[in-house]
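Trainee: This is the structure I want to talk about, given as structure tokens.
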Amino acid sequence: MDVQSILKMVSASRLVEPSDDKAGKTTIGSRLAFDDMLNKSQENPEQFWDRVAHELVWYKPWTETMSGGFPNFKFFVDGISNPCVNLLDRHVNNGGGNRTALIWEGENGDKAFFTYNMLLAEVNRFANVLKSFGVQKGDGVAIYMPNLPEAFIAILACFRLGAVYNAVFSGFSPKALEDRLIHFEPKVVVTADASERRGKLIQLKDKVDEVVGHVSSIEAVIVVDRMHTPLSMKPGRDFYWHQLREQASNHCEPEHIEANEPGIVFYTSGTTGKPKGVVHAGMAFVVQNYIYSKYHLDLHDDDVFWCSADIGWLTMHIWGIVGALANGITTVVYEGAPDYPSQDRFYEILDHYRVTKWFTAPTVLRMLKSMGTETFENRDLSCLDVIALVGEPFDQATWEWTYDVLGDKRICINNTWGQTETAGTPLAGAAWLTPMKPGSAGIPFFGIDMAVVDDAGHPVEPGTVGNLVIRKPFPMLCRTLWREHDRYIASYYSQVEGCYYASDLGLVDKDGHYWVVGRSDDAFNVAGHRLSTMEMESAVLEVPTVAETAVIGVPDKIKGEVPVVFVRLLDGHLDKDEIKQAISDQIVDQIGKIARPKTIIVADVLPKTLSSKIMRRLLKEIVLNGNVSGDITGLENPSSVEHIKKLAGGMFQEAE
């Protein structure tokens, strides 16, 4: 890794101090009080987690707050509670039943809302529906749905029963769905007839029909009649949600659940390889994300929060479901594309619902930036108070635009780092309490012990790039891989003794802020110099005509590896040769000649997930192999793959 060029990027970033006035209006009341709380949580995490857990409702207290260590650990041992009770009943019982819990809007303009009382009644009904199919504590329920209220209700019903749920991204193909269902073995699948994306109908039940016969564990398929499309319903197996609901009671006693019992299974994978079923303990997951969301976003009772992720990604479960509902606020759910039917759709939602706290991804903000200020000049965004992000490195240029232009220098930006395996974000700031730093991922948060180490596991000096590791367990960290505990140990605990290995590269700067500069497999060596995708992409994005970029490393017979740069340009810029030269010059100027790209590819569109994350590993596979072996139906824009193949497919095959 070219340390000097990274340090140049890091040193160019400024600390943005929160005002004392804003700090005084936070839930804790001052930066001094927060710093004291943070320090104590890291010095004595057991005492901290004990205090936090006592803020929630338990049927039986725990005998030990923390037990064991990596890779086998427990929290709140023998403590009995229920996640759903802490997300819904607790607020209803405390007089908050008539507060709005959930606001839903579909791409076609359909709308619905639920108070905490209403949501609890619907969750109880569906919990009783699941019980009627024999679902008990520990049984599996698969949820293959878009962002619908029923998806939230189904998840909360699983929490209430102690069922283990797996949410599968509704854009996945039948083959990707089948792989997950065969491995997970659910008793019930919950889906919808169809959904709408950019005005096009996407059939879901038909995909389920293709695979359900290959999954022997499935006893029932429950279908939400979202788009009223004609369906083939198999008697005795397929049932409509609304018909079952009509027959179900709105009262259901919650199951008593030990804090470490599994509650969530989420599959992670790249473009190839067998998916890993990451297992999270239900109640421990709730405890930590309750307190993290409260401080990451500075949540107050009257906040309106919008997590713009898809229900198929754990981000929505961390923030939009558990984080929001545990804190008793209003959460917004949108089913649809961010720029459809018009480019200002996201701004319309922010304005209309007076969203105060918004959780999104860096790529979404880069997309909005590329559209220009005219897309929001007729919208009143003065309601926005905090924007939080996760998913990938956040370049400084887009940070500055978000703060100066979109936020008019009056918002807090909380860029964070987390993984499916870590659940919430162990690197982050506290809104209006932690100084912001453009590009950084924040600081180790409550109860977190992190470090940057070399390949031998020795801590490196500040300003040195190394491997990001976690040195102590915390409640929301994954407990195993579904039915693959040996793989769990090999994946996360075989690299650095006594530590969770994140497979991310990072550094700590002089102010104690962490910078995550890319995946360890995203960095690449050019003639013995290790380059980071983040630093190169940050340089490219400073070229004014560039809207989006992705950098990959490909094999080279002489240099080992060489960088290939993909860019999408702002509308109206046609002189590609001039822009390519400007990009190359910018990289050389900021990083050095060693980083000069082998090739710069100007594309009309880049392949993205529904959460707008550019699929860099997919780009690399196309460049090297000319094709994609993994499933692409989960992309926001599957047609982009053919576009990239025409531009770059197999161009470096001879270098392998």
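The values are calculated or read from the model by the stated rules, or taken from the named source; none is laboratory data. Since the structure is predicted, the reported quantities are computational estimates derived from the model, not experimental observations. Heads up, the Cβs are rebuilt from the backbone with ideal geometry, glycines too, and the neighbour counts pull from every protein chain shown.
Trainee: Quickly run through segment 540-552 and pick out the residues that are without any contact (Cβ under 8 Å) to a residue 60 or more places away in the chain and either in a helix (DSSP H, G or I) or of a type outside the set (A, V, I, L, M, F, W, C) (or both).
Mentor: Taking segment 540-552 as the starting set, the residues that turn out to be without any contact (Cβ under 8 Å) to a residue 60 or more places away in the chain are 540, 543-546, 549.
Those that are without any contact (Cβ under 8 Å) to a residue 60 or more places away in the chain and either in a helix (DSSP H, G or I) or of a type outside the set (A, V, I, L, M, F, W, C) (or both): 540, 544, 545, 549.
Trainee: Counting only residues that are basic (Lys, Arg) and surrounded by 24 or more Cβ atoms within 10 Å (Cβ to Cβ), how many does segment 136-179 have? Can you show your working first?
Mentor: Step one: list which residues in segment 136-179 are basic (Lys, Arg), which gives 137, 160, 175.
After this cut, where a residue has to be surrounded by 24 or more Cβ atoms within 10 Å (Cβ to Cβ) as well, the list is 160.
Going through segment 136-179 one residue at a time, the tally reaches 1.
Trainee: Moving on. Quick check on segment 455-471. Is at least one of its residues at pLDDT 95 or above, under 25 Å from residue 321 (Cβ atoms) and in contact with a His (Cβ under 9 Å, 6 or more places away or on another chain)?
Mentor: no
Trainee: Working only within segment 324-351, note down all residues that are out of contact with any Pro (no Cβ under 7 Å at 6 or more places or on another chain), surrounded by 20 or more Cβ atoms within 10 Å (Cβ to Cβ) and in a helix (DSSP H, G or I).
Mentor: 324, 325, 326, 347, 349, 350 - these are the residues of segment 324-351 that are out of contact with any Pro (no Cβ under 7 Å at 6 or more places or on another chain), surrounded by 20 or more Cβ atoms within 10 Å (Cβ to Cβ) and in a helix (DSSP H, G or I).
Trainee: At least 2 residues that are under 29 Å from residue 260 (Cβ atoms) and among the hydroxyl-bearing types (Ser, Thr, Tyr) in each: list the strands (runs of 3 or more DSSP E) lying fully within segment 477-526 that qualify. Don't jump to the end; show me each part of the working.
Mentor: Values: elements: 500-508, 514-519, 524-526.
Of the strands (runs of 3 or more DSSP E) lying wholly inside segment 477-526, those with at least 2 residues that are under 29 Å from residue 260 (Cβ atoms) and among the hydroxyl-bearing types (Ser, Thr, Tyr) span 500-508.
Trainee: Hey, another quick one. Could you tell me whether any residue of segment 259-276 is of a type in the set (Asp, Glu) and either under 23 Å from residue 319 (Cβ atoms) or outside any strand (DSSP E or B) (or both)? I'd like the intermediate steps shown before the answer.
Mentor: Our first condition is that a residue be of a type in the set (Asp, Glu); within segment 259-276, this holds for 261.
From the residues that got through so far, the ones that are either under 23 Å from residue 319 (Cβ atoms) or outside any strand (DSSP E or B) (or both) too are 261.
Within segment 259-276, one or more residues are of a type in the set (Asp, Glu) and either under 23 Å from residue 319 (Cβ atoms) or outside any strand (DSSP E or B) (or both).
Trainee: Going by the conditions given, is residue 375 hydroxyl-bearing (Ser, Thr, Tyr) and within 19 Å of residue 535 (Cβ to Cβ)?
Mentor: Values: hydroxyl-bearing (Ser, Thr, Tyr): yes; within 19 Å of residue 535 (Cβ to Cβ): no.
No, not satisfied.
Trainee: Can you find a residue in segment 329-352 that is closer than 21 Å to residue 166 by Cβ and within 16 Å of the chain's Cα centre (by Cα)?
Mentor: Let us first name the residues in segment 329-352 that are closer than 21 Å to residue 166 by Cβ, namely 333, 335.
Add one more test, that the residue is within 16 Å of the chain's Cα centre (by Cα), and what stays is 333.
Yes, segment 329-352 contains a residue that is closer than 21 Å to residue 166 by Cβ and within 16 Å of the chain's Cα centre (by Cα).
Trainee: Name the single residue, out of those in segment 82-115 being over 26 Å from residue 55 (Cβ atoms) and of a type in the set (Phe, Trp, Tyr), that is surrounded by the most Cβ atoms within 10 Å (Cβ to Cβ).
Mentor: If we take residues in segment 82-115 being over 26 Å from residue 55 (Cβ atoms) and of a type in the set (Phe, Trp, Tyr), then 104 is surrounded by the most Cβ atoms within 10 Å (Cβ to Cβ).
Trainee: If we only count strands (runs of 3 or more DSSP E) wholly inside segment 138-234, which ones have 3 or more residues that are within 25 Å of residue 326 (Cβ to Cβ)? Spell out how you get there, then give the answer.
Mentor: Details: elements: 140-144, 164-167, 188-192, 194-197, 200-203, 220-224.
The strands (runs of 3 or more DSSP E) meeting that bar are 140-144, 164-167.
Trainee: Specify the residue that is farthest from residue 101 (Cα to Cα); the eligible residues are those in segment 346-359 that are touching a residue at least 60 places away in the same chain (Cβ under 8 Å) and not hydrophobic (A, V, I, L, M, F, W, C).
Mentor: Pass one, segment 346-359, residues touching a residue at least 60 places away in the same chain (Cβ under 8 Å): 349, 353, 357, 359.
From what is left, the residues that are not hydrophobic (A, V, I, L, M, F, W, C) are 353, 357.
Numbers: 353: 13, 357: 15 Å.
It comes out as 357.
To keep it simple, each residue is scored yes or no on (1) surrounded by fewer than 24 Cβ atoms within 10 Å (Cβ to Cβ); (2) touching a Gly at 6+ places or on another chain (Cβ under 8 Å); (3) small (Gly, Ala, Ser).
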{"residue": "431", "(1), (2), (3)": "no, no, yes"}
{"residue": "458", "(1), (2), (3)": "yes, no, no"}
{"residue": "474", "(1), (2), (3)": "no, yes, no"}
{"residue": "485", "(1), (2), (3)": "yes, no, no"}
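Trainee: Further, regarding this structure: Of the residues that sit in segment 219-243 and are closer than 17 Å to residue 130 by Cβ and acidic (Asp, Glu), which one is surrounded by the fewest Cβ atoms within 10 Å (Cβ to Cβ)?
Mentor: 219
Trainee: For segment 75-92, which positions are farther than 19 Å from residue 321 by Cα, more than 24 Å from the chain's Cα centre (by Cα) and either free of Cβ contacts under 8 Å to residues at least 60 places away in the same chain or part of a strand (DSSP E or B) (or both)?
Mentor: 76, 77, 80
Trainee: Which residue is surrounded by the fewest Cβ atoms within 10 Å (Cβ to Cβ), if the candidates are limited to segment 487-497 and must be under 26 Å from residue 65 (Cα atoms) and in contact with a Gly (Cβ under 9 Å, 6 or more places away or on another chain)?
Mentor: Residue satisfying both the conditions and the ranking: 497.
Trainee: Here is a further query. Just a yes or no: is a residue in segment 389-410 surrounded by 24 or more Cβ atoms within 10 Å (Cβ to Cβ), in contact with a strand residue (DSSP E or B) (Cβ under 9 Å, 6 or more places away or on another chain) and assigned to a strand (DSSP E or B)?
Mentor: yes
Trainee: What number of residues within segment 235-258 satisfy the criterion of being more than 21 Å from residue 170 (Cα to Cα), assigned to a loop (DSSP other than H, G, I, E, B), more than 30 Å from the chain's Cα centre (by Cα) and of a type outside the set (Asp, Glu)? Outline the logic, then answer.
Mentor: Our first condition is that a residue be more than 21 Å from residue 170 (Cα to Cα); within segment 235-258, this holds for 235-236, 243-258.
Filter once more, keeping what is assigned to a loop (DSSP other than H, G, I, E, B): 235-236, 247-256.
This time we only want the ones that are more than 30 Å from the chain's Cα centre (by Cα), so: 235-236, 247-253.
Keeping just the survivors that are of a type outside the set (Asp, Glu) gives 235-236, 247-252.
Of the residues in segment 235-258, 8 are more than 21 Å from residue 170 (Cα to Cα), assigned to a loop (DSSP other than H, G, I, E, B), more than 30 Å from the chain's Cα centre (by Cα) and of a type outside the set (Asp, Glu).
Trainee: Any idea which residue in segment 26-36 is nearest to residue 298 (Cα to Cα), counting only those that are surrounded by 12 or more Cβ atoms within 10 Å (Cβ to Cβ) and more than 26 Å from the chain's Cα centre (by Cα)?
Mentor: Restricting attention to segment 26-36, the residues satisfying the condition of being surrounded by 12 or more Cβ atoms within 10 Å (Cβ to Cβ) are 26-31, 33-36.
Subset that is more than 26 Å from the chain's Cα centre (by Cα): 28-31, 33, 35-36.
On the way: 28: 9, 29: 11, 30: 12, 31: 12, 33: 14, 35: 15, 36: 17 Å.
Residue satisfying both the conditions and the ranking: 28.
Trainee: Can you find, within segment 195-218, the residue that is nearest to residue 145 (Cα to Cα) among those that are touching a Gly at 6+ places or on another chain (Cβ under 9 Å) and surrounded by 15 or more Cβ atoms within 10 Å (Cβ to Cβ)?
Mentor: Within segment 195-218, the first condition is being touching a Gly at 6+ places or on another chain (Cβ under 9 Å), and the residues that meet it are 195-198, 202, 217.
Now drop any that are not surrounded by 15 or more Cβ atoms within 10 Å (Cβ to Cβ), which leaves 195-197, 202, 217.
On the way: 195: 8, 196: 12, 197: 13, 202: 11, 217: 19 Å.
Result: 195.
Trainee: Taking segment 191-231 as the search range and keeping residues that are of a type in the set (Gly, Ala, Ser) and out of contact with any strand residue (DSSP E or B) (no Cβ under 8 Å at 6 or more places or on another chain), which one is nearest to residue 338 (Cα to Cα)?
Mentor: Start the filter on segment 191-231 by keeping residues that are of a type in the set (Gly, Ala, Ser), which leaves 192, 194-195, 199, 213, 216-217, 220.
Cutting the leftovers down to out of contact with any strand residue (DSSP E or B) (no Cβ under 8 Å at 6 or more places or on another chain) gives us 199, 213, 216.
Working: 199: 12, 213: 35, 216: 38 Å.
This residue is 199.
Trainee: A follow-up question, please. What's the number of the condition residue 649 fails, among (1) closer than 25 Å to residue 390 by Cα; (2) at pLDDT 75 or above?
Mentor: If we test residue 649 against (1) closer than 25 Å to residue 390 by Cα; (2) at pLDDT 75 or above, just (1) comes out false.
Trainee: Yes or no: segment 187-194 includes at least one residue that is crowded, with 19+ Cβ neighbours inside 10 Å, modelled with pLDDT of 95 or more, among the polar types (S, T, N, Q) and in contact with a helix residue (DSSP H, G or I) (Cβ under 6 Å, 6 or more places away or on another chain).
Mentor: yes
Trainee: Please count how many residues of segment 590-612 are closer than 13 Å to residue 552 by Cα and either surrounded by fewer than 21 Cβ atoms within 10 Å (Cβ to Cβ) or in contact (Cβ under 8 Å) with a residue 60 or more places away in the chain (or both).
Mentor: The qualifying residues number 6.
Trainee: Which one of these is assigned to a helix (DSSP H, G or I), farther than 26 Å from residue 145 by Cβ and among the charged types (D, E, K, R): 366, 354? Walk me through how you get there before you give the answer.
Mentor: Values: 354 fails: assigned to a helix (DSSP H, G or I).
After applying the criteria, what remains is 366.
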